Amino acid sequence: MEIFYQYLETISENFFDPKKRVFLGYLFSAFLISFIWLTFVKKEKIKQSIYKIFDKKIFMSKSAKADYVLFLLNIIILMFLSPLLISQLAIAHFVFEYLHSQTILTPLGIDINYMWMIPIFFTFSYFVLDDFTKYVTHALMHKVPLLWEIHKTHHSARTLTPLTIFRTHPIEGVIFVVRSALTQGIVIATFYYVYGGNITFVTILGANLFSFWFHLFGSNLRHSHIRINYWSWLEKILISPAQHQIHHSIKKEHHNKNFGVAFAFWDYMFGSLYISKSDEDVKFGISETEHKYENNIIYLYLSPLIGIYKLIANYVSSKNLKVKKQKFIFNKQTR
Amino acid sequence: MNNIKFKGATLAKLSFVGAVTFSFMCSSITSVNAGHHGNVYGPYPITEKSYKGTKKNSVSYGGQMARQLLHNSLKKLASKGSPSDPTLAPEKKMLAYLNTKDKSKSLPIMDPKNSSKFPVKQKMIGELSGGANLSGKADKRIQTSWPGNMSGVDVIKFMIKKAGKTKGGVDTRNGMNYPQLISKYTMGAVLYHQACDNYLDEKMTASSKPNNKPYKKGAYYTGKEHSWDEAFGYWGAAAHTMKLSAAQSYDVAKKKDLKAADYNKDGVVDLQTEMTYAHAYYASSYDKKGKTNYLKTVTGAFIDGRKLITAADGNKLSEAELNKIQDYVQIICSNWEDVIAESVFKYAGSVYKDLSKIEKALASGSGMDKAMSKYLKHWGELKGFAMALQAGPDNKSDTFNRMNRMMGFGPLMPNLSQVVGIDSSGNYIKDQGSSIGYYKLHMLKIQNLMADKYALKAKVNDATGGMAALLEEVGTKKSAEND
Ligand SMILES: [Zn+2]
Ligand SMILES: [Zn+2]
């Protein structure tokens with residue numbers, strides 16, 4: 001009973017907590033942005049715009065329905081898994097204690113005059129570093145064949161809705177939880193050490209100021225059919241919804257592009273940036289041919305495990321060391 | 001017919017169970033909420049059957065209050081040390097407050113002193129008791145927390161000797177703040193040690209100080225009554241503590257709230273029954289922050305225990321009664337121990353912060369004097385309380401050894417020197433310590449150790465508490481999601 005209550009709470013938290021991306025307020029702002037985009041930029045009729053935003057073919061597609069089920073089931077799985085994972089507090093304590101035994105990074109004596117800047121600096125740094133580790137993790141999910149098997153679940157979506165973020169295999173969920181814990185633990189402990197405990201987050205409605213902006217300005221449109229693109233100079237700094245949609249494209253030239261979440265400069269720096277083109281048509285999925293069970297729940301849970309098993313079996317049976325290395329660690333075939 | 005009868009029996013059973021449950025609930029509610037409310041420690045009637053005199057109140061703990069005031073006075077005097085005094089008057093004065101039993105009522109109380117804002121009833125130690133000193137009651141075991149393998153009482157004497165010769169009682173070369181060291185260690189080695197390692201320990205067994213005999217020949221109180229009263233006196237709470245808030249008890253100790261202190265409304269503070277001292281004061285300092293209830297938990301257990309002993313009416317305590325007394329002792333001494341551990345935790349946190357300021361002063365070249373004076377004061381409190389913790393009945397030798405090793409015999413000085421021992425003529429031996437960073441790490445580890453081994457809740461100056469709060473603020477992901 002207690003667990004069931006906790007379950008319902010976790011579900012509703014996703015929609016009522018401004019720290020979460022699918023918080024109703026952000027979904028509403030995403031709607032407004034789409035509406036403005038379609039009526040004022042794309043010059044469509046009001047009725048037409050609304051019809052397009054709430055397209056039944058998209059929200060009620062087989063692919064979208066699978067997203068919804070995965071959302072509900074993964075919460076249960078994560079409820080049991082996450083207590084087993086290392087906590088960010090344990091990581092933070094470890095890092096904080098370690099910092100006392102080194103001399104490269106030393107606590108700053110803070111000049112009281114700059115005090116007001118520290119929370120903004122800290123909040124921004126945290127957001128940027130968190131975004132960077134997301135970039136790295138996402139790139140690895142594509143480049144390491146074992147991880148790609150897991151990440152395929154997300155890319156198997158044929159239609160994109162804001163809830164497609166939950167179309168994620170629980171193993172990937174665990175990887176993301178660990179990434180988040182490591183980032184939080186390390187960044188917070190380091191700042192706490194350097195600034196002698198005088199640090200606070202700048203928040204709006206309890207959410208990090210910059211996450212709040214990121215979500216308010218349409219983070220939910222990354223997974224949608226509303227193809228909003230920015231000026232190309234801006235797409236080198238911030239990832240536009242269209243750019244992430246390109247990341248989901250089945251076209252070969254779109255593979256392994258735009259791993260970034262909020263910032264595009266990571267992609268720019270590491271050569272994985274793809275600027276959107278307004279005339280380009282984008283189809284979502286892994287390949288053109290539809291797999292018979294690609295939206296079957298059991299298949300979605302099991303296929304990454306089968307894929308990993310096959311990879312390992314291949315690796316063990318292969319005698320050629322060169323082939324081994326290529327196939328296992330960095331395989332150019334993945335995306 | 002049969003059926004109805006069966007139903008009746010079940011109903012009767014159910015209502016019986018219901019009634020028992022209900023009364024149980026009520027009793028537990030009252031013991032939580034109203035149990036101690038309005039209770040004052042004493043007066044309690046005379047139950048000692050051999051007593052034929054005219055006294056009406058069996059409560060007596062004048063000796064303990066005299067010792068509370070000797071401790072207060074000693075602390076005051078410790079900051080009056082002077083290296084230029086050839087007669088060593090400061091040392092002699094301090095030793096008087098350590099050793100004298102003030103039969104002639106000539107030893108003045110140094111703190112609290114009478115003032116218009118906080119008038120006090122007694123001016124001389126002897127007015128409370130002419131037969132009590134501190135040295136006779138100090139821990140006689142060898143102390144490993146202090147260099148030189150001395151007994152507790154010799155450690156205090158050693159500190160007094162050093163304090164007398166040091167300007168203001170603070171040795172800035174070795175880092176010793178004697179007023180703090182003497183005060184906090186005396187709180188442990190005399191007050192806490194006597195209560196929990198003696199009166200509430202040996203003297204609460206069936207054979208020692210039985211309740212059907214006077215405490216000593218001709219006394220108007222029984223063995224158990226007086227043993228219990230003495231332990232209460234060492235705790236240092238005003239008799240009417242249960243009628244005050246923690247903040248009021250705190251202000252009474254600070255001599256700021258005459259109205260709260262003067263329970264019998266005679267216009268003066270009776271230092272025997274109306275004052276907050278030492279351990280009770282520290283308990284109130286934590287409780288007034290709202291997370292803990294040490295002061296009333298301990299004081300309430302003292303009152304409940306005393307009522308139980310009084311109710312035995314001068315007869316020997318039964319096994320059940322002795323067991324109940326043991327329950328109260330457990331509450332009193334474990335919470336008392338936690339209050340001291342909270343202080344170790346708090347001052348380890350202060351020392352951590354002070355060291356950061358010292359690092360800053362070293363880097364910027366200014367503010368060192370101010371930072372050092374705070375550091376040495378807090379280190380003295382830390383060390384004193386750490387030593388006090390070891391004066392109790394509970395010998396957690398592993399915890400103590402780790403704690404002592406991490407803080408050392410003296411504070412790590414900015415030039416990285418640290419006291420490591422005492423030579424045969426009583427001078428400190430120093431060595432190079434590690435780094436300020438490592439010493440700060442030790443403070444963190446002392447906090448972790450205290451939080452680990454004791455049931456701490458106040459956790460004042462938690463050096464990593466802010467970090468936990470920040471992590472709490474960013475929150476954890478509970479669902480599997482992509483970005
Ligand atoms: Zn991807
Ligand atoms: Zn995506």
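The values are calculated or read from the model by the stated rules, or taken from the named source; none is laboratory data. Model, not experiment: these values are computed from the prediction. All Cβ positions, even for glycine, are placed from backbone atoms using ideal geometry, and neighbour counts span all protein chains on display.
Taking the condition of being of a type outside the set (Phe, Trp, Tyr) and within 16 Å of ligand 2 (Cβ to nearest atom), how many residues in the stretch A:114-135 meet it?
The qualifying residues number 2.
Determine, yes or no, whether A:Phe166 is farther than 25 Å from A:Phe71 by Cβ, away from ligand 1 (no atom under 11 Å from the Cβ) and at pLDDT 95 or above.
Details: farther than 25 Å from A:Phe71 by Cβ: no; away from ligand 1 (no atom under 11 Å from the Cβ): yes; at pLDDT 95 or above: yes.
When the stated conditions are applied, A:Phe166 does not pass them.
Can we say B:Val474 is more than 10 Å from chain A (Cβ to nearest Cβ) and either within 16 Å of ligand 1 (Cβ to nearest atom) or under 26 Å from A:Gly206 (Cα atoms) (or both)? Write out each step before concluding.
On the way: more than 10 Å from chain A (Cβ to nearest Cβ): no; either within 16 Å of ligand 1 (Cβ to nearest atom) or under 26 Å from A:Gly206 (Cα atoms) (or both): yes.
It is false that B:Val474 is more than 10 Å from chain A (Cβ to nearest Cβ) and either within 16 Å of ligand 1 (Cβ to nearest atom) or under 26 Å from A:Gly206 (Cα atoms) (or both).
Give the stretch B:457-468 a look and list any residue that's more than 9 Å from chain A (Cβ to nearest Cβ) and within 25 Å of A:Ile86 (Cβ to Cβ), or say none.
Hits for the stretch B:457-468 are B:Lys459, B:Asp462.
Residues are listed down the side, and each one gets a yes or a no for (1) in contact with a Ser or Thr (Cβ under 6 Å, 6 or more places away or on another chain); (2) modelled with pLDDT under 95:
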| residue | (1), (2) |
| --- | --- |
| B:Ser183 | no, no |
| B:Ala189 | no, no |
| B:Gln194 | no, no |
| B:Ser208 | no, yes |
| B:Lys216 | no, yes |
| B:Ala231 | no, no |
| B:Ala239 | yes, no |
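Could you say which residue among A:Lys236, A:Lys251 is touching a residue at least 24 places away in the same chain (Cβ under 8 Å), away from chain B (no Cβ under 14 Å), within 16 Å of ligand 2 (Cβ to nearest atom) and not β-branched (Val, Ile, Thr)? Even if it seems obvious, please write down each step before you answer.
Numbers: A:Lys236 fails: within 16 Å of ligand 2 (Cβ to nearest atom).
Of A:Lys236, A:Lys251, the one residue that is touching a residue at least 24 places away in the same chain (Cβ under 8 Å), away from chain B (no Cβ under 14 Å), within 16 Å of ligand 2 (Cβ to nearest atom) and not β-branched (Val, Ile, Thr) is A:Lys251.
Listed here are the residues, each with its yes/no results for (1) within 22 Å of B:Lys75 (Cα to Cα); (2) polar (S, T, N, Q); (3) in contact with a helix residue (DSSP H, G or I) (Cβ under 8 Å, 6 or more places away or on another chain); (4) surrounded by 22 or more Cβ atoms within 10 Å (Cβ to Cβ).
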position	(1), (2), (3), (4)
B:Ser135	yes, yes, yes, no
B:Met159	yes, no, yes, yes
B:Arg173	yes, no, no, no
B:Tyr178	yes, no, yes, yes
B:Lys184	yes, no, yes, yes
B:Ala189	yes, no, yes, yes
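Tell me which residues, restricted to the stretch A:91-107, are facing another protein chain (nearest Cβ under 10 Å) and either in a helix (DSSP H, G or I) or in contact with a strand residue (DSSP E or B) (Cβ under 7 Å, 6 or more places away or on another chain) (or both).
A:Ile91, A:Ala92, A:His93, A:Val95, A:Phe96, A:Glu97, A:Tyr98, A:Leu99
May I ask you to verify whether A:His223 is within 13 Å of ligand 2 (Cβ to nearest atom) and either in contact with an Asp or Glu (Cβ under 7 Å, 6 or more places away or on another chain) or within 29 Å of A:Ala64 (Cα to Cα) (or both)? Give the steps one after another, and end with the answer.
Values: within 13 Å of ligand 2 (Cβ to nearest atom): yes; either in contact with an Asp or Glu (Cβ under 7 Å, 6 or more places away or on another chain) or within 29 Å of A:Ala64 (Cα to Cα) (or both): yes.
So A:His223 passes the test.
For (1) within 15 Å of ligand 1 (Cβ to nearest atom); (2) buried (at least 22 other Cβ atoms within 10 Å of the Cβ), each residue gets a yes or a no:
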residue: A:Phe212; (1), (2): no, no
residue: A:Phe217; (1), (2): no, no
residue: A:His225; (1), (2): no, no
residue: A:Trp231; (1), (2): no, no
residue: A:Leu234; (1), (2): no, no
residue: A:Gln245; (1), (2): yes, yes
residue: A:Ile250; (1), (2): yes, no
residue: A:Lys257; (1), (2): yes, no
residue: A:Met269; (1), (2): no, no
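Quick one: in the stretch B:428-456, which of the residues that are assigned to a loop (DSSP other than H, G, I, E, B) and within 23 Å of B:Ala388 (Cα to Cα) is nearest to the other protein chains (Cβ to nearest Cβ)?
Taking the stretch B:428-456 and keeping what is assigned to a loop (DSSP other than H, G, I, E, B), we get B:433-435, B:454-456.
When the remaining residues are screened for being within 23 Å of B:Ala388 (Cα to Cα), the result is B:454-456.
Values: B:Tyr454: 19, B:Ala455: 20, B:Leu456: 17 Å.
Checked the stretch B:428-456; the qualifying residue nearest to the other protein chains (Cβ to nearest Cβ) is B:Leu456.
Checking the conditions here, which among B:Lys101, B:Lys123, B:Lys92, B:Lys76 is closer than 26 Å to B:Asp257 by Cα and either buried (at least 16 other Cβ atoms within 10 Å of the Cβ) or at pLDDT below 95 (or both)? Show your work before the answer.
Values: B:Lys101 fails: closer than 26 Å to B:Asp257 by Cα; B:Lys123 fails: either buried (at least 16 other Cβ atoms within 10 Å of the Cβ) or at pLDDT below 95 (or both); B:Lys92 fails: closer than 26 Å to B:Asp257 by Cα.
After applying the criteria, what remains is B:Lys76.
What's the number of the only condition in (1) within 13 Å of another protein chain (Cβ to nearest Cβ); (2) among the polar types (S, T, N, Q); (3) over 19 Å from B:Lys377 (Cβ atoms); (4) surrounded by fewer than 21 Cβ atoms within 10 Å (Cβ to Cβ) that B:Ser425 fails to meet?
(1)
Take the residues in the stretch B:462-474 that are over 18 Å from A:Asp130 (Cα atoms) and surrounded by 18 or more Cβ atoms within 10 Å (Cβ to Cβ); name whichever of them is nearest to the chain's Cα centre (by Cα).
Filtering first and then ranking leaves B:Asp462.
Taking only the stretch A:68-90 into account, find how many residues are more than 9 Å from every other protein chain (Cβ to nearest Cβ) and closer than 30 Å to B:Tyr438 by Cβ.
Of the residues in that region, 2 qualify.
Counting just the residues of the stretch A:188-207 that are surrounded by 23 or more Cβ atoms within 10 Å (Cβ to Cβ) and more than 7 Å from chain B (Cβ to nearest Cβ), which one comes out farthest from A:Asn296 (Cα to Cα)? Break it down into steps so the answer makes sense when it comes.
So in the stretch A:188-207, the residues surrounded by 23 or more Cβ atoms within 10 Å (Cβ to Cβ) come out as A:188-189, A:192-193, A:207.
Retained after the next criterion (residues that are more than 7 Å from chain B (Cβ to nearest Cβ)): A:193, A:207.
Details: A:Tyr193: 49, A:Ala207: 35 Å.
Filtering the stretch A:188-207 for residues that are surrounded by 23 or more Cβ atoms within 10 Å (Cβ to Cβ) and more than 7 Å from chain B (Cβ to nearest Cβ), the one farthest from A:Asn296 (Cα to Cα) comes out as A:Tyr193.
Which is in a helix (DSSP H, G or I), away from chain B (no Cβ under 14 Å) and touching a residue at least 24 places away in the same chain (Cβ under 8 Å), of A:Lys134, A:Lys65?
Details: A:Lys134 fails: away from chain B (no Cβ under 14 Å).
Of A:Lys134, A:Lys65, the one residue that is in a helix (DSSP H, G or I), away from chain B (no Cβ under 14 Å) and touching a residue at least 24 places away in the same chain (Cβ under 8 Å) is A:Lys65.
Tell me, which residue of the stretch A:158-187 that is among the basic types (Lys, Arg) and surrounded by fewer than 22 Cβ atoms within 10 Å (Cβ to Cβ) is nearest to the other protein chains (Cβ to nearest Cβ)?
At the first step, the residues of the stretch A:158-187 found to be among the basic types (Lys, Arg) are A:158, A:167, A:179.
Those still in the list that are surrounded by fewer than 22 Cβ atoms within 10 Å (Cβ to Cβ) too: A:158, A:179.
On the way: A:Arg158: 16, A:Arg179: 10 Å.
Looking at the filtered set, the residue picked out is A:Arg179.
Failed condition for A:Met141, given (1) within 16 Å of ligand 2 (Cβ to nearest atom); (2) assigned to a helix (DSSP H, G or I); (3) surrounded by fewer than 22 Cβ atoms within 10 Å (Cβ to Cβ), with all others met?
Every condition holds for A:Met141 apart from (3).
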